[in-house]
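Asker: Encoded as structure tokens, here's the structure I'll be asking about.
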Amino acid sequence: FINIDDLREGSNQKSVLEISHLPNYVHKNFALENKEWIDEFFLKKLIDAVSPYIAISFDIIHFAADSDVDRSISDPRKTVTSNILGTLNLLEFSRKSSDFGRFVYCSTDEVYGPLKEFEASKRESDMQSPSNPYSASKAASENLVNSYHVTYGMDTVITRGVNTFGPWQDYTKLIPVAMEALFKGKKIPLYGDGSQIRDVLHIDDYIR
């Protein structure tokens, strides 16, 4: 397991304490949008270092993202650069690697845009209508992933999970914010006028 994480907002090193000592686990602290760190030579050395634990090929599970909607609105260039360019760099590395297996891209249901009151849940085939720079960057990354599947024949999978919650979640997200407010006897803050509809999914169910 090679964990690429530059430990920016939302990252928590305590979440990997239980596995950080294992011989088949490596953590590298760099940003995916920096291509010079993701060339084949550099990552190949890492893969060779853990090669006894790799049977045939390696897979990439890509769920790194600047996912804060408010930050994407205040600084869209940073979000777009991180999410789209980071995805492109990983795709290019995968395409040029002879021992690459599958590319799993974890997207978001937000690519469909907001759900209206009493509107039926979205289906996979529904039209995308992202409504903020974050969701637009995820939709664009999806298109990149799909284009590499069609153009280069790469084995790719795209998931569109709803709001995910679970242990180690960043304190800025809805459920941790609500729980902290309850523990402190404060009112739960609402987004906007509170009429927005949210679906939530536990991380274990997402993984399964």
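The values are calculated or read from the model by the stated rules, or taken from the named source; none is laboratory data. As the structure is a computational prediction, the values presented were derived from the model and not from experiment. Backbone-built Cβ (ideal geometry, glycine too); neighbour counts: all protein chains shown. These area figures cover heavy atoms from the full protein model, side chains too; ligands, DNA and RNA do not enter into them. Shrake-Rupley method; radii C 1.70, N 1.55, O 1.52, S 1.80 Å.
Asker: Working only within segment 111-167, note down all residues that are among the hydrophobic types (A, V, I, L, M, F, W, C) and closer than 19 Å to His62 by Cβ.
Answerer: Filtering segment 111-167 down to residues among the hydrophobic types (A, V, I, L, M, F, W, C) leaves 111, 115, 118, 120, 127, 136, 139-140, 144-145, 150, 154, 157-158, 162, 165.
Selection gives Val111, Ala136, Ala139, Ala140, Leu144, Val145, Val150, Met154, Val157, Ile158, Val162.
Asker: Given the residues Pro133, Pro114, which is the only one that is in contact with a Pro (Cβ under 9 Å, 6 or more places away or on another chain) and touching a residue at least 60 places away in the same chain (Cβ under 8 Å)? Before you say what the answer is, go through the steps one by one.
Answerer: Values: Pro114 fails: in contact with a Pro (Cβ under 9 Å, 6 or more places away or on another chain).
Testing whether each residue is in contact with a Pro (Cβ under 9 Å, 6 or more places away or on another chain) and touching a residue at least 60 places away in the same chain (Cβ under 8 Å) leaves just Pro133.
Asker: Which one of the conditions (1) at pLDDT 80 or above; (2) open to solvent by 70 Å² or more (accessible area, probe 1.4 Å); (3) within 16 Å of Leu90 (Cβ to Cβ) does Trp37 fail to meet, given that it meets all the rest?
Answerer: (1)
Asker: Open to solvent by less than 40 Å² (accessible area, probe 1.4 Å), at pLDDT 85 or above and β-branched (Val, Ile, Thr): which single residue out of Thr108, Thr81 fits that description? Walk me through how you get there before you give the answer.
Answerer: Numbers: Thr81 fails: open to solvent by less than 40 Å² (accessible area, probe 1.4 Å).
Step by step, each of Thr108, Thr81 is checked, and only Thr108 is open to solvent by less than 40 Å² (accessible area, probe 1.4 Å), at pLDDT 85 or above and β-branched (Val, Ile, Thr).
Asker: Quick one: would you say Ile61 is part of a strand (DSSP E or B) and modelled with pLDDT of 90 or more?
Answerer: Working: part of a strand (DSSP E or B): yes; modelled with pLDDT of 90 or more: yes.
Yes; evaluated as a whole, the condition is true for this residue.
Asker: Condition first: among the acidic types (Asp, Glu), open to solvent by 70 Å² or more (accessible area, probe 1.4 Å) and more than 25 Å from Lys116 (Cβ to Cβ). Can you find one or more residues in segment 171-187 that meet it?
Answerer: From segment 171-187, those among the acidic types (Asp, Glu) are 180; that's our starting set.
Those still in the list that are open to solvent by 70 Å² or more (accessible area, probe 1.4 Å) too: 180.
Subset that is more than 25 Å from Lys116 (Cβ to Cβ): 180.
The answer is yes; a qualifying residue exists.
Asker: If you don't mind, another one. Would you check which residues across segment 17-31 are over 11 Å from Phe1 (Cβ atoms) and open to solvent by 70 Å² or more (accessible area, probe 1.4 Å) and list them?
Answerer: Taking segment 17-31 as the starting set, the residues that turn out to be over 11 Å from Phe1 (Cβ atoms) are 17-18, 21, 28-31.
If the condition is that a residue be over 11 Å from Phe1 (Cβ atoms) and open to solvent by 70 Å² or more (accessible area, probe 1.4 Å), then Leu17, Glu18, His21, Asn29 are the ones that fit.
Asker: Still on this model: Only one of these conditions is not met by Ser195: (1) under 23 Å from the mean Cα position of the chain (by Cα); (2) open to solvent by 60 Å² or more (accessible area, probe 1.4 Å). Which number is it?
Answerer: (1)
Asker: Quick check on my filter: what residues within segment 133-183 are out of contact with any strand residue (DSSP E or B) (no Cβ under 8 Å at 6 or more places or on another chain) and within 22 Å of Lys96 (Cβ to Cβ)?
Answerer: Passing the criteria: Ala140, Asn143, Leu144, Ser147, Val150, Thr151, Tyr152, Gly153.
Asker: Can you name the number of the only condition in (1) over 26 Å from Phe30 (Cα atoms); (2) touching a His at 6+ places or on another chain (Cβ under 6 Å) that Gly166 fails?
Answerer: (1)
Asker: Restricting attention to segment 126-154, which residues are within 21 Å of Tyr206 (Cβ to Cβ), out of contact with any Asp or Glu (no Cβ under 9 Å at 6 or more places or on another chain) and not hydrophobic (A, V, I, L, M, F, W, C)? Don't jump to the end; show me each part of the working.
Answerer: From segment 126-154, those within 21 Å of Tyr206 (Cβ to Cβ) are 126, 128, 130, 134-135, 137-139, 141-142, 145-146; that's our starting set.
Then drop every residue that is not out of contact with any Asp or Glu (no Cβ under 9 Å at 6 or more places or on another chain), which leaves 126, 141-142, 145-146.
Asp126, Ser141, Glu142, Asn146, listed by residue number.
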